[in-house]
Structures are given as C-alpha cells and as structure tokens.
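These notes are about the structure you will find just below.
The values are calculated or read from the model by the stated rules, or taken from the named source; none is laboratory data. Because the structure is predicted, anything quoted here is derived from the model rather than measured. Here Cβ is always computed from backbone atoms with ideal geometry, including for glycine, and neighbour counts include all displayed protein chains.
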Amino acid sequence: MHGNRHALWLQAQQHATAGRLEAAREAFEALLEHEPGHAGARALLASVLLAQDRLRDACMQLSRAADALPPDPNFILRIAHGLRSVGETNAALDCMRHPALAQSRDASQQLALGHLYQGLGLNPQALRCMQHARDAGMDSPDFRYFLALQLQFNGRIAEAEASMEACLRMGPTFGRASLSLARIRKQTTQSNHVGFIRARLAQVAPGSEDHAAFEFALYEELDDLGEHDAAWDALARGNAIMHSRTRHDAGAESRFIEQLIRTFDTDADSRTDDHDGPMPIFIVGLPRSGTTLLERILGTHPQVASTGELTDLPKQLRWTADLHGHALLDDALLAATGTLDFAELGRRYLRQTQWRAQGRRHYVDKLPPNWMLVGHIRRALPRAKVLHLVRDPMDVCFSNWRALFGDAYAYSYDFAALAQHHGLYRKLMAHWHRVHPGFVLDVPYAELVREPEASCRRVLDFCGLPFEADCLDHTRNRSSVSTLSSAQVREPIHARGIGEWRRYAERLEPLRALLDA
C-alpha cells in the first residue's frame, strides 16, 4: 500500500507539472483517500483547484492542510501564504503563530513571515520579524528597503531614512528607495539627493519601472526646492514611462461601470441580522483623497480601531461567488451578482475581521477602491457605515498623477484616462446616493482640514458615536500606517494639500479642460 501511495504522489505531481489538471486532481484525491493527513498533497491539490477556478474547494484543502502541518517552517509559511491569498485570514494567522516559526532563527524564514504580517497590516509584528532577519545576518539592498518601509510604517522616521540611505549605497540602482526617501521629509538646498538621483538616471535601464521611479523621485525633490519647471519635466517623463508600461482600457472601464450601475439599480431588501459584535466603518474614495487622514482621526476614538487597508471584502466576495482572481471586481464577478448569497458574504466578512476590533465597538476598513463595492456592502452588511472622501477634482487628479502606483491604478499616468476615471467614479457615487439614500456620508476633504471639529462631529454622529475631543489630534493615534502618506499623515491636521496643483496650473490646463468636459 505504501508503494501505491508513493506512486500516486509522483503521478499526481507529474500531472500537475504538465498542466493535466483534471488528472492531477483525481490522483491527489485518490492519494488523500488513503492518506488524509498528507498536508503536501492537500497544498498541491489546492493549487490545482485554484487553476480550475474552484476557489471554495481550494480553501477547504488549504484549511485541512493547516490542520495537519508538519514542523517544517518553510511548508508552514507556504500554507500561511496560500490561506492569506484566498482570504482565510484566521487560519493564516494560526499558521503564522506556529511554534516552529516562533523558534526559527533562519533569516529568510523570518523575512517571509514579516511579509505575511505586512500583508495583513500587522506592521509592528512585521517589523519584529525583519529585525530578527537582520540579526540573523540578512542584508541586501532589497532587505534594507523592506526594513526601511517597516520602520516608516511604524513611525520610526529617522531610522527609516537611514535604512533607505544604506539601501541606496549598497545597490547600483533602486528607484523605489529613492522615491521613498524623497517623500519621507521636505528636501532643502542644504540636504537633498538631486545629484545622486541624476547620477542614477544616467545608469538606469531606459524605460524600466526603476527609471520611472527615479524620475518621480527627481520631481519630488525639485518640487521641494521650488525648481518647478525641471520638476514638471521629470514628472512628465516618469508618467510617460509608466503609461507605456501599463495597459488601461478606457472603453472597457466605461462599459464596466455602466453595467455595475444596471446591476445594482434598486436598493437592497431591508433585513435584520443577529450579529451583535463589532461593526466595520468603511472609508472609500479615490486614492490620495484623504482617506488615511480620516482613518487616523476615527482611530483616535476610544470605540474605534484603526486597521489599515483591508482586502477581506473583495476576497470574501470571491469566495461567495466561487471565482478565483485578483481584481477587486471584474466582469465574471459582476455577472454572478444574481446568484450571490449576500447574507453569507456578510457573515464570512465579519468572521474574518472581528479580531481587528481589539475589543472596540467599531473597526475601520479603509480600502479606497471599495467605492465600487458600495452596492455589495449595502446588501451584505446593511448596518455598516460608509464614509466617502470627496476631494476637489484638480487636487485629487494631480495627486494621483504625481504618485507612482506601479500597475495598481493604470489610469493615473495619462490625462485623458485620469479624467475619464474621475468622471466614472463621480457617476457611480452619484448612483449609490440615488439608490441607497442615507447609506453613504460624503466627507469633503477641504472641510475636514479647514473645519476639523465640525466635520468630525458630523462623521461621528453618522457613525452613532459620541464626540471625543481627542479625535481632533490624530497624532495621538499610534497605530501603524502603510500608505503613501505614512510619513506626512503623522503631522497635525493642515490644509497645505489644497490647491497644490496651482503651481503647475498652466501645464495642467489640458487636464482641467478634460475634467470640465
């Protein structure tokens, strides 16, 4: 019998490697009938099932693998990564707390564990793991960069800056580190990296993302120094590189938003649920609209926990539809709307996120693109609160254009695509207000920074929370921050971000005209 099991194990792996998915599935399942505790077979079967778009079955296999973990740190990390990627957060956390990982002194294992904690927004734990990796001898430009980010996320800005500097001294090119360093504080004529960046631009591979990152970094530093013509030229070059590297289908986006509006064309049936635990407060809006600032303000309230940018809602939506994928929302998910069990979606979301409340009544789920999922939130979590950050179109679009988002927001590198995306976003938010009146509260960014007490009172009242004066000093919030504004958002509330585009008004006239149109 042992020989038969070994033959099945080899056969199943060969089928999987050759892409014979159905044969691989049958062989793994036959093996598991004889050896149900074979965690490795369950892990590989989960990969096959994901490739077959059988998400729920894959989640079950990963969960059963987690119940039979061998004391092998690398295998445990692999299962934890798989569980996190499919939204089984509770099971992933159990794996990450396994004694074999706690006892490991292997630098690469500690780094991998740190990345898992970072992916869950647990940045203090991620920093500890990366420090363990450093103590175990880990050192490279990449590692110094990741360590610097964690130091920055945890508010240790001076140490983060030193680690970024060390990263750049070690590697021939590292555009992301230069960009992070340029943003971490305001550059001055006495202290800046312009010469260094220009030297690296002469060495970097033309047209690479590294090239784009150095151009964005040069813009940031020259903008601080008041050299606006040269700053603009660098920013334009960086955006042109990224626009050529990413693909944004404006027509497909427009058709998708129209279909989303048609799909969610009526309010949800009112229903009650028996959940008496903590409830989420969703914060949505375009990137760079002030969502992080509002989260910091709310997280200062004694009854609200800051949690960062959670992907639990999109992942549980995919589980409910049994559709594997990585996009927040796509055509297949939208087409499945009529068959979704929204009550189950709400239950699964709450089950995977309750621990984040840390004993408080509410926790903030701040994922800006969830503005597309307001209809899903309404049907799955009718008692949840949704706050929508509204920022001046030119301010928010310019802030998007001067950010480097990688391939996350491909629309942001081209004026026409940026203006169209903004228009579709406004159209959909207007639709949510019409269909779900009173479910979403608009929070104007200008009011939040110019009249913080009045704005804060309105937000807290909408959330059913008593006013707390401490919310007006969000610097009291000591939780980690992992967004682009992780350094700036620790400053007291200010209005410097309003009208920043005006120093480039002439160059931005084509964008303004597109937005007006």
- Item | Matching option when the condition is more than 29 Å from Leu340 (Cα to Cα) and not assigned by TED's automatic domain parsing to the domain that holds Gln358, among Gly37, Gly87 | Gly37
- Exactly one of Val390, Val449 is in contact (Cβ under 8 Å) with a residue 60 or more places away in the chain, over 20 Å from Met279 (Cβ atoms) and touching a His at 6+ places or on another chain (Cβ under 9 Å), and that residue is Val449
- Item | Residue pairs meeting the criteria (Cβ under 7 Å; at least 6 apart or on separate chains; first closer than 18 Å to Met242 by Cα and in contact (Cβ under 8 Å) with a residue 40 or more places away in the chain, in segment 179-208; second surrounded by 20 or more Cβ atoms within 10 Å (Cβ to Cβ) and of a type in the set (Phe, Trp, Tyr)) | Leu179/Phe216
- Look at Leu235 and say whether it is assigned to a helix (DSSP H, G or I), assigned by TED's automatic domain parsing to the domain that holds Ser412, touching a helix residue (DSSP H, G or I) at 6+ places or on another chain (Cβ under 9 Å) and modelled with pLDDT of 95 or more. no
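To keep it simple, each residue is scored yes or no on (1) closer than 30 Å to Ala24 by Cβ; (2) of a type outside the set (A, V, I, L, M, F, W, C); (3) in the same structural domain as Leu333 (by TED's automatic domain parsing).
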| position | (1), (2), (3) |
| --- | --- |
| Pro70 | yes, yes, no |
| Gln118 | no, yes, no |
| Ala126 | no, no, no |
| Gly137 | no, yes, no |
| Phe143 | no, no, no |
- Taking segment 23-41 as the search range and keeping residues that are charged (D, E, K, R) and in a helix (DSSP H, G or I), which one is surrounded by the most Cβ atoms within 10 Å (Cβ to Cβ)? Arg25
- What's the number of the condition Val204 fails, among (1) in the same structural domain as Tyr413 (by TED's automatic domain parsing); (2) assigned to a loop (DSSP other than H, G, I, E, B); (3) more than 30 Å from Thr307 (Cα to Cα)? (1)
- Task: Can you confirm whether segment 262-279 contains a residue that is buried (at least 21 other Cβ atoms within 10 Å of the Cβ) and touching a Leu at 6+ places or on another chain (Cβ under 8 Å)?
- Result: no
- Task: Filter segment 140-155 down to the residues that are more than 21 Å from Phe216 (Cα to Cα) and in contact (Cβ under 8 Å) with a residue 24 or more places away in the chain, then identify the one that is surrounded by the fewest Cβ atoms within 10 Å (Cβ to Cβ).
- Result: Ser140
- Task: Scan segment 452-471 for residues that are in contact (Cβ under 8 Å) with a residue 60 or more places away in the chain, assigned to a helix (DSSP H, G or I) and surrounded by 15 or more Cβ atoms within 10 Å (Cβ to Cβ) and report the count.
- Result: 6
- Just a yes or no: is a residue in segment 133-146 of a type in the set (A, V, I, L, M), closer than 27 Å to Ser104 by Cα and not in a helix (DSSP H, G or I)? yes
- Residue check for Gly438: at pLDDT below 95 and not in a helix (DSSP H, G or I): no
- Over segment 88-119, the set of residues closer than 19 Å to Thr353 by Cα and acidic (Asp, Glu) is Glu88, Asp94
- Task: Would you confirm whether any residue within segment 166-182 is among the β-branched types (Val, Ile, Thr) and buried (at least 21 other Cβ atoms within 10 Å of the Cβ)?
- Result: no
- Message: So in segment 454-491, with the set limited to residues that are under 22 Å from the mean Cα position of the chain (by Cα) and among the hydroxyl-bearing types (Ser, Thr, Tyr), which one is modelled with the lowest pLDDT?
- Response: Ser486
- Message: Against the condition in contact with a strand residue (DSSP E or B) (Cβ under 9 Å, 6 or more places away or on another chain) and surrounded by 17 or more Cβ atoms within 10 Å (Cβ to Cβ), how does Leu235 come out, does it pass?
- Response: no
- Note on the structure: Of the conditions (1) part of a helix (DSSP H, G or I); (2) farther than 25 Å from Ala419 by Cβ; (3) of a type in the set (Ser, Thr, Tyr), the single one that Tyr219 does not satisfy is (2)
- Report yes if some residue within segment 243-263 is outside any helix (DSSP H, G or I) and at positive phi; otherwise report no. no
- Residue hits (segment 222-232; among the hydrophobic types (A, V, I, L, M, F, W, C) and either part of a helix (DSSP H, G or I) or at positive phi (or both)) are Leu222, Ala230, Ala231, Trp232
- Message: Anything in segment 492-517 that is of a type in the set (A, V, I, L, M) and either loosely packed, with under 11 Cβ neighbours inside 10 Å or outside any loop (DSSP other than H, G, I, E, B) (or both)? List them, or say none.
- Response: Leu511, Ala513, Leu514, Leu515, Ala517
